[in-house]
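Everything below concerns the one structure shown next.
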Amino acid sequence: MTDLTLTPAPLHRRHGSNIGQSLTRAEGALKVTGQAAYAADAHPAGMLHAVMRVATIANGRVASMDVAAAKAHPGVVAVMTPGNRPALAMDPDAKEHGFMFRLDLLQNDRVRYPGQAIAVVIADSLEAATEGAALLAPTYDEEAPLIGLDAGVPFVPPVVGAGAPAEASTGNLSGGLGEAAVRVEATYETPAQYHNPMEPHAIVAAWDGDTLSIDMPSQGMAMAIGRIAGLFGIDPAGIHIRSPFLGGGFGSKGMIAGPMVLGILAARLVGRPVKLVLRREHMYGPVSHRGQTRQDLRIGADADGRLTALGHHTRTVSSVFDDFFEPSSNTSQSVYAAGAIATSHDVVRVHAGTPGFMRAPGEASGSIALECAIDEAAYACGMDPLAFRLANYAEVDPLDGKPFSSKALRECYAQAAARFGWAGRPLQPRTMRDADGLLVGWGMGTAIFPALMFEGNARAVIRDDGRGMVEIGAHDMGQGAWTALAQIAADSLGLNLAETEFRSGSSDLPDAGIAGGSGHTATAGMAIHEAGAAVIAELAALAVDRADSPLYGAGNTGVVARNGRLHRRDDESRSESYAEILRRAGKAEVEGNGHAAADPASEAYSKHAHGAVFAEVKVDPDLGQVRATRLVGAFAAGRIINPRMVDSQLYGGMIWGVSFALHEAAVVDPRTGRVMNPNLGEYHIPVNADVPSLECIQVAEEDVHVNALGIKGVGEIGITGSAGAVANAVWHATGVRPRSFPIPIETLL
Ligand code: MOS
């Protein structure tokens with residue numbers, strides 16, 4: 001059992017100085033010494049192992065399975081099929097709101113995509129369950145599948161991918177294109193991508209009557225509980241999820257996925273705790289992915305290089321039974337000033353698992369197309385790519401005219417360009433070579449990601465020993481949430497970290513909302529900030545009306561908390577310690593609760609983090625082999641809680657950008673729809689040797705509108721800009737404009 005309380009080593013930093021410190025991860029030592037218990041490490045008494053059998057066809061029905069053979073295998077306890085799967089209180093295909101995903105829970109014999117679970121074998125060992133699943137030897141009545149963007153059946157989704165409008169426009173696009181002196185029209189294709197967290201989805205589920213205990217990596221424990229409670233018709237209060245550590249999520253663990261519910265069903269069926277861990281290849285189907293796209297960009301510019309039109313249309317996919325899609329075009333709404341902007345999508349149904357949130361859903365895929373097309377437009381205008389972007393700098397949100405809550409993008413451009421050494425770059429492609437004769441190219445891209453907040457809650461306590469505690473059911477995917485949120489917690493209590501106990505990662509703590517949309521630090525951080533303020537107010541109330549307190553008469557708002565003491569604002573030399581205040585009041589502790597949500601007043605602003613990325617690539621002129629050699633990014637994302645964690649997030653994003661441009665793709669068999677590289681050996685992601693020299697500049701930015709802490713979020717922005725910068729550098733090296741990703745090197749020769 002993991003101890004959910006982590007107290008970082010004392011840092012001797014006090015009163016309001018925790019935020020902004022580059023601390024190392026609070027749980028880092030636990031992780032590198034193997035003491036951090038992940039979900040699959042749980043092993044309650046009597047636990048059985050479950051293994052899914054998944055469909056190898058894309059469309060049709062399961063005709064037969066040899067359940068008897070599986071059950072006859074030594075160690076197999078049960079085989080769960082549509083015939084004996086425990087009843088649910090809710091149809092897994094029902095959808096009560098846009099953020100509810102339909103699930104495959106063995107509701108019938110229908111197969112809707114390759115990789116869908118068609119049975120679950122439960123046994124007393126992993127090996128027996130695995131063998132039992134093999135013995136099922138299913139046969140199918142196969143029907144012709146819809147595979148790929150051109151075969152899919154068009155439909156109009158009721159809700160859009162990330163919740164944003166599917167269609168948006170300002171001005172007259174065809175008018176803007178008509179009046180343009182320079183026009184660029186180009187189509188870009190991006191592949192299906194899969195999240196590939198190091199830790200596959202896993203669950204250990206144990207029922208006790210109608211209460212349920214779960215170990216499961218989750219980016220949204222409270223939402224998962226709501227979904228489980230609805231499916232099983234049980235009281236959400238009886239469901240407890242522990243999710244102290246995640247080995248990555250990237251969006252795939254945001255909404256509870258079908259296989260996790262199958263683990264709960266299996267435990268229900270056998271009346272014992274059950275562990276279900278996805279095999280790597282099971283990660284390519286039922287736990288979402290980034291859908292493939294084809295994006296048409298239409299850009300017009302006048303003789304001075306000012307955009308008269310920017311059109312971005314995306315065709316992408318959803319499954320045959322749900323409606324999420326990758327909203328790539330949305331990214332073109334807020335980046336560049338243009339006389340006319342139109343963004344739109346059309347979506348087709350294919351026999352693939354439902355796409356979902358994958359790190360920067362929409363922005364990652366949309367940004368690479370937009371930045372490539374902008375680069376083409378700059379070249380067509382005979383302008384330096386940076387000068388072209390500056391000429392089209394959006395002073396207000398181009399779509400709705402709202403002012404930006406803050407926007408230090410000019411500083412990002414300037415600082416990253418200076419550090420990269422951009423000045424003097426030749427406009428013409430294929431003009432630079434290194435000493436070995438490799439083609440050298442430099443490219444750039446603009447990064448942008450919305451600054452989002454969701455709802456979250458936290459609870460804070462100050463005790464009569466002068467120490468504090470903050471608890472929140474927050475989620476650390478590896479990004480350092482535990483560390484950064486503890487820093488906010490300590491500051492909110494006016495204590496140092498060693499005096500602040502921080503509890504997180506469990507659903508019996510206050511609901512912190514979802515770790516997604518790059519909004520977790522802002523949301524959970526603001527909940528903590530509010531909880532801290534509430535408990536300090538409670539403490540102040542115990543002192544300010546006491547004649548024997550040095551705070552007497554100061555009023556609740558007339559005190560400041562720091563260094564474990566309340567000080568009078570009007571005379572900071574007069575103070576009283578938390579311990580003294582509580583002892584005099586005869587109280588062991590006081591508590592405060594905080595709630596965070598986006599401030600409605602902030603809706604008057606367009607809220608985004610921004611950045612600029614510059615890339616160098618080298619291309620072998622004979623082989624076409626591309627190496628990204630250098631990336632410099634500068635990002636402005638409001639207040640930075642922990643620069644070390646933020647660097648790490650931005651580096652990770654920039655590496656994803658390199659991966660998007662050069663490496664990553666699910667290869668889908670056009671006949672069967674199956675992913676042919678469902679493993680980390682053949683699904684290419686950058687290894688260390690592929691990661692270029694990375695530099696990241698955190699540009700100072702104060703945002704007084706997004707939230708009281710001024711946090712914008714950094715989880716996803718690093719991908720945007722980076723992928724386009726690499727692609728544009730490939731063009732600059734070779735003179736070949738990449739049109740599909742990852743860039744096929746044979747097109748560069
Ligand atoms: Mo993210 S794709 O919002 O976890």
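The values are calculated or read from the model by the stated rules, or taken from the named source; none is laboratory data. Here the structure is a predicted model, which means the values were calculated and not measured. All Cβ positions, even for glycine, are placed from backbone atoms using ideal geometry, and neighbour counts span all protein chains on display.
Of all the criteria given as (1) touching a strand residue (DSSP E or B) at 6+ places or on another chain (Cβ under 7 Å); (2) of a type in the set (A, V, I, L, M); (3) within 16 Å of the ligand (Cβ to nearest atom), the one not satisfied by Met223 is (1). In the stretch 723-749, the residues that are under 16 Å from Pro686 (Cα atoms) reach residues that are among the β-branched types (Val, Ile, Thr) and in a helix (DSSP H, G or I) with C-beta atoms within less than 9 angstrom, at least six apart or across chains, in these pairs: Ala723/Ile368; Ala723/Val658; Val726/Ile368; Val726/Val658; Ala727/Ile368; Phe741/Ile368; Ile743/Val726; Ile743/Val730.
Select from the stretch 242-264 the residues that are within 14 Å of the chain's Cα centre (by Cα) and within 18 Å of Arg102 (Cβ to Cβ) and write down the one among them that is nearest to the ligand (Cβ to nearest atom).
From the stretch 242-264, those within 14 Å of the chain's Cα centre (by Cα) are 246-255; that's our starting set.
From what is left, the residues that are within 18 Å of Arg102 (Cβ to Cβ) are 251-255.
Details: Gly251: 3, Ser252: 8, Lys253: 8, Gly254: 5, Met255: 10 Å.
So the residue we want is Gly251.
Given the structure, is Val699 away from the ligand (no atom under 16 Å from the Cβ) and β-branched (Val, Ile, Thr)? So Val699 fits the description; yes.
I need the full set of residues from the stretch 352-374 which are of a type in the set (A, V, I, L, M, F, W, C) and under 23 Å from Gly152 (Cβ atoms), in order please.
Residues of the stretch 352-374 that are of a type in the set (A, V, I, L, M, F, W, C), as a first pass: 352, 357-358, 360, 364, 368-370, 372-374.
Of everything in the stretch 352-374, those that are of a type in the set (A, V, I, L, M, F, W, C) and under 23 Å from Gly152 (Cβ atoms) turn out to be Ala352, Phe357, Met358, Ala364, Ile368, Ala369.
Could you grab the pairs with beta carbons closer than 8 Å, sequence gap of 6+ or different chains, first residue in the stretch 323-351 and more than 22 Å from Thr170 (Cα to Cα) and hydroxyl-bearing (Ser, Thr, Tyr), second one surrounded by fewer than 24 Cβ atoms within 10 Å (Cβ to Cβ) and at pLDDT below 95? From the stretch 323-351, no pairs qualify. For the stretch 51-99, a residue qualifies if it is in contact with a Lys or Arg (Cβ under 7 Å, 6 or more places away or on another chain), outside any loop (DSSP other than H, G, I, E, B) and in contact (Cβ under 8 Å) with a residue 60 or more places away in the chain, and exactly one does: Arg61. Scanning the stretch 281-297 for residues that are within 18 Å of the chain's Cα centre (by Cα) and among the basic types (Lys, Arg) returns a single hit, Arg290.
Hey, does the stretch 360-368 have a residue that's touching a residue at least 60 places away in the same chain (Cβ under 8 Å) and surrounded by fewer than 24 Cβ atoms within 10 Å (Cβ to Cβ)? No, the conditions are met nowhere in the stretch 360-368.
Filtered by the rule that a residue be in contact with an Asp or Glu (Cβ under 8 Å, 6 or more places away or on another chain) and under 30 Å from Phe454 (Cα atoms), the stretch 547-592 gives Val560, Glu589, Val590, Glu591, Gly592.
Filtering the stretch 228-237 down to residues that are part of a helix (DSSP H, G or I) and in contact with a helix residue (DSSP H, G or I) (Cβ under 8 Å, 6 or more places away or on another chain), which residue is farthest from the ligand (Cβ to nearest atom)? Step through it out loud before you land on a result.
First pass over the stretch 228-237, keeping only residues part of a helix (DSSP H, G or I): 228-232, 236-237.
Now narrow it down to the ones that are in contact with a helix residue (DSSP H, G or I) (Cβ under 8 Å, 6 or more places away or on another chain): 228-229, 231-232, 236.
Values: Ile228: 20, Ala229: 22, Leu231: 22, Phe232: 25, Pro236: 22 Å.
The extreme case among them is Phe232.
Taken across the stretch 303-324, residues that are under 25 Å from Gly249 (Cβ atoms), of a type outside the set (D, E, K, R), crowded, with 24+ Cβ neighbours inside 10 Å and at pLDDT below 95 do occur, with at least one present. Taking residues in the stretch 249-261 that are closer than 13 Å to Pro355 by Cα and touching a residue at least 24 places away in the same chain (Cβ under 8 Å), and partners anywhere that are among the aromatic types (Phe, Trp, Tyr) and more than 10 Å from the ligand (Cβ to nearest atom), the pairs with Cβ atoms closer than 7 Å and at least 6 places apart or on different chains are Met255/Phe101. Selection of the stretch 97-109 for residues being at pLDDT 90 or above and within 20 Å of Phe357 (Cβ to Cβ) yields Met100, Phe101, Arg102, Leu103, Asp104. Of all residues assigned to the stretch 170-183, none qualifies as being buried (at least 21 other Cβ atoms within 10 Å of the Cβ) and of a type in the set (Asp, Glu).
As for the stretch 710-730, it holds at least one residue that is in a loop (DSSP other than H, G, I, E, B), buried (at least 24 other Cβ atoms within 10 Å of the Cβ), among the polar types (S, T, N, Q) and in contact with a strand residue (DSSP E or B) (Cβ under 8 Å, 6 or more places away or on another chain). Taking the stretch 46-84 as the range and being among the polar types (S, T, N, Q) and more than 30 Å from Leu146 (Cβ to Cβ) as the test, only Asn84 passes.
So which of Gly633, Gly624, Gly653 is part of a loop (DSSP other than H, G, I, E, B) and among the small types (Gly, Ala, Ser)?
Values: Gly633 fails: part of a loop (DSSP other than H, G, I, E, B); Gly653 fails: part of a loop (DSSP other than H, G, I, E, B).
Gly624 is the lone residue from the list that is part of a loop (DSSP other than H, G, I, E, B) and among the small types (Gly, Ala, Ser).
Annotation note: Cβ proximity below 8 Å between a residue of the stretch 168-180 that is of a type outside the set (D, E, K, R) and a residue that is in a helix (DSSP H, G or I) and surrounded by 16 or more Cβ atoms within 10 Å (Cβ to Cβ) (sequence gap 6+ or interchain) occurs for Ala168/Asn330; Ala168/Gln333.
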